[in-house]
Amino acid sequence: MNPLLSKPRIFRFAPSPNGRLHLGHALSAFLNHDKAREKGGRFLLRIEDIDTTRCTPEFETAIYEDLAWLGLAWENPVRRQSDHLDLYRDALDRLFERGLVYPALLSRGEIKAAVARFEAEGKQWPRDPDGTPHYPGTERTLSSAGRREILDSGRPHALRLDMGNAIAQLDAGLSWQETGAGPQGETGLIAADPAAWGDVVLSRSDAPSSYHLAVTVDDALQGVTDVVRGRDLFHATAVHRLLQHLLGLPEPGYHHHRLIPGADGRKLSKSNGDTGIVAFREAGRSPGDIRAMVL
């Protein structure tokens, strides 16, 4: 049994303030809130606002308004990722010093061109579970001095995890305990396959941390014991388990819940305003109506 689960249970809802919350967010918030109450635990709200180009104070205020209207209460102060950028930098530095992170210079366009040339020969370029092509790893063989030279040059770059090197440092396979279900109904003890993601981005010149790194660091620092989130992040858990191992962080339990599809059958997006919680509120729906719609 995961030893963390014998301690007070801590759940969190962690939206990004880059649009209005929709029904999918309501489902996740309700589940985290209700599970915390059922277990006699704590319910935290975290604002994931690293993307400064899309996240705004107005949307952050709207998150508080929507959740309060739904009848949810959370602990204060609320953790905002933008207030803790030094912690993500510290984690990156630790990985860099171990030779597990390298600066990657290829742009998205250059990666796309490399993939097109490769597949024009009838071969299949590896892709991650989300369908994104793996990075070619052009700079992976650079020495520590060569990597530091790129960083000091100020050239635009991403910092990527050297996945092969990272996996080589494992002394056993990785897994996680799943109490929800994956896209194919996977539940129970799940074998993690971080290699499927290739050399994932951990930060960019214009973004101090990727989702993968920030969420792993934040969950550990906040003592989160139970990660309850959408099924679209099921496979990404493999990357988070690897980062937990590399950084010496505790392992929470995981529960991935169903996604609520829009009219087109795809998962809801903040850009689809008619599914926003505020739209239902303005149409005269009650918090009870929203709860009945998603649970």
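The values are calculated or read from the model by the stated rules, or taken from the named source; none is laboratory data. Quick caveat: nothing in here was measured; it's all calculated off a predicted structure. For neighbour counting, all protein chains shown are included, and Cβ atoms are generated from backbone atoms with ideal geometry for every residue, glycine included.
Please state which one of D193, D219 is buried (at least 21 other Cβ atoms within 10 Å of the Cβ), out of contact with any His (no Cβ under 6 Å at 6 or more places or on another chain) and not aromatic (F, W, Y). Break it down stepwise before answering.
Details: D193 fails: buried (at least 21 other Cβ atoms within 10 Å of the Cβ).
Result: D219 is the single residue among D193, D219 that is buried (at least 21 other Cβ atoms within 10 Å of the Cβ), out of contact with any His (no Cβ under 6 Å at 6 or more places or on another chain) and not aromatic (F, W, Y).
Could you list, in sequence order, the residues of the range 18-39 that are within 22 Å of G223 (Cα to Cα) and more than 17 Å from the chain's Cα centre (by Cα)?
Listed by number, the residues that qualify are F30, L31, H33, D34, K35, A36, R37, E38, K39.
Please specify each residue of the range 25-53 satisfying the condition of being in a helix (DSSP H, G or I), touching a residue at least 60 places away in the same chain (Cβ under 8 Å) and in contact with a helix residue (DSSP H, G or I) (Cβ under 8 Å, 6 or more places away or on another chain).
Answer for the range 25-53, where residues must be in a helix (DSSP H, G or I), touching a residue at least 60 places away in the same chain (Cβ under 8 Å) and in contact with a helix residue (DSSP H, G or I) (Cβ under 8 Å, 6 or more places away or on another chain): H25, A26, L27, F30.
Of all residues being touching a strand residue (DSSP E or B) at 6+ places or on another chain (Cβ under 9 Å), modelled with pLDDT of 95 or more and not in a strand (DSSP E or B) in the range 167-179, which is surrounded by the most Cβ atoms within 10 Å (Cβ to Cβ)? Just the residue, please.
If we filter the range 167-179 for residues that are touching a strand residue (DSSP E or B) at 6+ places or on another chain (Cβ under 9 Å), which is where we start, we get 173-179.
If we keep only those that are modelled with pLDDT of 95 or more as well, we get 174-179.
Filter once more, keeping what is not in a strand (DSSP E or B): 174, 179.
Details: L174: 20, T179: 13.
The selected residue is L174.
Go through the range 54-104 and give me each residue that's farther than 30 Å from S143 by Cβ, assigned to a loop (DSSP other than H, G, I, E, B) and touching a residue at least 24 places away in the same chain (Cβ under 8 Å).
R54, C55, T56, L70, G71, L72, A73, W74, E75, V78, H84
Looking at the range 180-187, can you tell me whether even one residue there is buried (at least 16 other Cβ atoms within 10 Å of the Cβ), in a loop (DSSP other than H, G, I, E, B) and β-branched (V, I, T)?
No, that holds for no residue.
Under the condition of being closer than 22 Å to V101 by Cβ and not in a helix (DSSP H, G or I), which residue from the range 207-249 is modelled with the lowest pLDDT?
A207
Would a scan of the range 105-127 turn up a residue that is under 24 Å from T237 (Cβ atoms), in contact with a His (Cβ under 7 Å, 6 or more places away or on another chain), of a type outside the set (F, W, Y) and not in a loop (DSSP other than H, G, I, E, B)?
Checking the range 105-127: at least one residue is under 24 Å from T237 (Cβ atoms), in contact with a His (Cβ under 7 Å, 6 or more places away or on another chain), of a type outside the set (F, W, Y) and not in a loop (DSSP other than H, G, I, E, B).
Only one of (1) at pLDDT 95 or above; (2) within 21 Å of the chain's Cα centre (by Cα) fails for R140. Which number is that?
Tallying (1) at pLDDT 95 or above; (2) within 21 Å of the chain's Cα centre (by Cα), R140 fails exactly one: (2).
Does D49 satisfy the condition of being buried (at least 18 other Cβ atoms within 10 Å of the Cβ), of a type outside the set (A, V, I, L, M, F, W, C) and under 16 Å from the mean Cα position of the chain (by Cα)?
Yes.
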